[in-house]
1. Can you tell me the order of 316-327, 241-252 when each peptide is scored by its average per-residue count of other Cβ atoms within 10 angstrom, highest first?
2. Please give the charge dipole size of region 314-371, origin at the Cα centre, charges +1 on K and R Cβ atoms and -1 on D and E Cβ atoms. Round to the nearest 20 debye.
3. So, with a 1.4 angstrom probe, what is the percent of accessible area on region 1-112 that is carbon and sulfur?
4. Candidates [x] 23, 47, 25, 5, 0; [y] 30, 59, 11, 0; [z] 23, 39, 22, 14, 2; which is the computed P(r) over Cα pairs in 20 Å bins from 0, in percent?
5. Have a look at Lys68, Lys126, Lys253 and tell me which one the Gaussian network model of the chain (Cα, springs below 10 Å) gives the largest fluctuation.
6. Rounded, prolate or oblate for region 1-111? Axes are the square roots of the Cα gyration tensor eigenvalues, ordered a ≥ b ≥ c, and the cut-off for rounded is a/c under 1.5.
7. Magnitude of the Cβ-charge dipole of region 82-186, K/R +1 and D/E -1, about the Cα centre, nearest 20 debye?
8. Rounded to the nearest 500, what is the chain's calculated 222 nm mean residue ellipticity when only DSSP H runs of at least 4 contribute -39500 (n - 2.57) each, over all residues?
Amino acid sequence: MSPTPEPRLPLTGIRVLEFTHMVMGPTCGMVLADLGAEVIKVEPPGGDKTRELPGLGIGFFRSFNRNKKSVVIDIGTEDGRATAAELAGECDVVLENFRPGLMAGFGLDYETLSQRFPRLIYVTHKGFMPGPYENRLALDEVVQMMGGLSYMTGPVGRPLRAGTSVNDIMGGMFGAIGVLAALREREFTGRGQEIQSALFENCVFLSSQHMQQFAMTGEAPPPMPSRVSAWSVYDVFMLADGEQLFIGAVSDKQFLTLCRVIEAPELAADPALATNTLRVGVRPALLQKLGAILQHHRVQELAPRLEAAGIPYAPIVRPDQLMDDPHLKASGGLVPMQTDDGGTTDVVLLPLRMDGRRPGVRRPLPKVGEHTEEILAGLPSRVPA
């Protein structure tokens, strides 16, 4: 019996040339690759330096470069630039996320390539869009400070970056969204276009709800740890044995249910706590009372009771614990991938289902230059006449 062929993916037949490193550009390429595009990652001799990052960067390459092919081209040489340009002409999309002006200096920018290949779609991932800041170098942490996110995340006077590369990842996602729209538009116009995605603008988009809060109230929003909560019970509580649990009771019905679950009828019967508005008015005292009750409960025993009662709750989970998360495994969101060193690791898939399935891992993580001969042999200049 012959094996069942894999279902056709939405971007099957689309070819992408990727000049990227770190997180933002590779995320864009990974999204397109997961959706079926043939993504050719151009690496310098010796490989993308992201492969060798230590510390918090050690997982970058494995996380954002699956389902791609690797080609080594030295675009610092004339021959390398000529090869890269020819390869761009064989592709639908080019991605890059290098410092401003670098690709133009190599003649591999959109303005230069589009003159030869007018159907080309070209995505630049930068720190800033055109404007006063456009030539600044940016990092996720830089724009989190500039874009309101760090201010809103930390306590008053202690700006705090988010615990992951939120702008890099989302910036890559917006680049991919732009590609999808440009591919659709090209069907009507026959022409490609340049797409720009930027860290700062992405971060401001994340902060936009707080900007509108100011526009509507005239008051600067306080950081999230210092905010006036809209709900009386919406906090992290310390339970028995030093365990922590977030509990949110966001309606009067949920508050009464919570009181029943934790066996606190005196709180449910207190007329001063009858409505959410009344409870918010005495929130510090209420949280103190709840804390005194909850410190005698164990997370393992309380959590299933909260779930059965329909009360929102969450344990405080570390990333390493997610490697064994039963829901991630059962829902197909954590799957094995062969690594470039021949080992295997579990990777997190895109957070979406299409036609009842998750876009998955189709190929091992590429070794440096693994597909160079395969890809370059197909260039017109190398195919015998």
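The values are calculated or read from the model by the stated rules, or taken from the named source; none is laboratory data. Keep in mind the model is a prediction, meaning the values are calculated, not measured. Don't worry about glycine lacking a Cβ; one is built from the backbone with ideal geometry, like all the others, and counts go over all protein chains shown. Calculation scope for accessible area: heavy atoms of the full protein, side chains included, ligands and nucleic acids excluded. Shrake-Rupley method; radii C 1.70, N 1.55, O 1.52, S 1.80 Å.
1. Descending packing order for the listed peptides: 241-252, 316-327.
2. 280 debye
3. Solvent-exposed carbon and sulfur of region 1-112 make up 57 percent of the total.
4. Computing P(r) over Cα pairs in 20 Å bins from 0, in percent and matching it to [x] 23, 47, 25, 5, 0; [y] 30, 59, 11, 0; [z] 23, 39, 22, 14, 2 gives [x].
5. Lys253
6. oblate
7. Once rounded to the nearest 20, the dipole reads 280 debye.
8. Rounded to the nearest 500, the figure is -10500 deg cm²/dmol.
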